[in-house]
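First the structure, in the form of structure tokens, and then the observations on it.
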Amino acid sequence: MVEIKTDAALEAMRAAGRVVAHALAAAEKAAGVGVSLRELDEAARAVLDAAGATSPFLGYHPSFAPTPFPAVICASVNDAVVHGIPDGYRLRDGDLVSIDCGAVVDGWAGDAAVSFVVGTPAPADLELIEATRRALEAGIAAAVVGNRVGDISHAIGAVARAARCGMPSDLGGHGIGRRMHEEPHVPNRGRPRRGFPLRHGLVLAIEPMLMAGGRDDYRTASDGWTLRTADGSRAAHIEHTVAITEDGPRILTLP
Ligand code: MG
Ligand code: MG
């Protein structure tokens, strides 16, 4: 069932989104050559703790996973697309890092992700991140009253296609509210004018994942969580939680 939020709920979700933004900023600020992924998790965790927020990631145990998720962020490096576990891996010069983080404040969830390069960036990685950012921007621009979910999907897919990037075919965004994952599913490609109608008070996590190799397939790593590109090419993932309102899309996961 799709839950349409009241304006008071949107305000509460904005508070959760702000915590997510600050946690992501802290993790990105902590990142550097030689820094472990676990240290990025600790930086994000400190922000959640200080805000009195809980993590919807920590202990999350969907049916596909062999173990509960052990951290408050996903840290996905280079060919990892999403769901990377922040372990003892130490970042190297030129690594492309995607950090995904959620927070729950007063019972409402926020969910966002950033991608960036540690140290000296390869031009191709900056292009991949920029294309992912443009795909998210196009998806958000289509998140307006009167459109449908398919319009968001179509906008994201068009940018990815123009950039000759692949996207995991069955992964995408989602409704969000009292739980991190709610209906409807928001595919990263689709046909315009199809799918759930967008109304004031609908809140969606929009999250393009672009793979530089141009293929849409991926594989699950041996940890049972991390999803990696099938061809070993690099991936980027950027996400915002966005409320559809009569005044246009409102990004809830800004600082
Ligand atoms: Mg996320
Ligand atoms: Mg999400």
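Run the paramagnetic zone check for K29: 7 angstrom along Cα to Cβ, then residues of the stretch 65-99 with backbone nitrogen under 12 Å.
The answer is none, because no backbone nitrogen lies closer than 12 Å to the label point.
At 222 nm, what helix-only mean residue ellipticity would the chain give, in deg cm²/dmol to the nearest 500, using -39500 (n - 2.57) for each DSSP H run of four or more?
Mean residue ellipticity at 222 nm (helix-derived): -9500 deg cm²/dmol.
Using +1 on the beta carbon of Lys and Arg, -1 on that of Asp and Glu, and nothing else charged, what's the dipole of the stretch 71-157 about the Cα centre, debye to 20?
Dipole about the Cα centre, nearest 20: 100 debye.
Translational diffusion coefficient of the chain at 20 °C, 1.002 mPa s, Stokes-Einstein with Kirkwood Rh over Cα pairs, in µm²/s as a whole number.
120
Can you compute the FRET efficiency between R164 and A122 using 1/(1 + (r/R0)^6), with r the Cβ-Cβ distance and R0 = 25 Å? Round to the nearest 0.05.
That gives a FRET efficiency of 0.90.
If you roll a 1.4 Å probe over the stretch 1-82 with all protein chains in place, what percent of the accessible area is carbon or sulfur? Can you show the working numbers first?
Numbers: 2070 of 3590 Å².
Here it works out to 58 percent.
Please report the relative contact order for the chain, taking Cα pairs under 8 Å with a sequence separation of at least 6, and give it as a percent rounded to a whole number.
Answer for the chain is 24 percent.
If each residue of separation counts as 0.36 nm, what is the full-extension length gain between S63 and Y89 once their alpha-carbon separation is subtracted?
6.7 nm
The values are calculated or read from the model by the stated rules, or taken from the named source; none is laboratory data. Being a predicted model, the structure only gives us computed values, none of them experimental. Please note: Cβ atoms are built from the backbone with ideal geometry, for glycine as well, and neighbour counts cover all protein chains shown. These area figures cover heavy atoms from the full protein model, side chains too; ligands, DNA and RNA do not enter into them. Shrake-Rupley method; radii C 1.70, N 1.55, O 1.52, S 1.80 Å.
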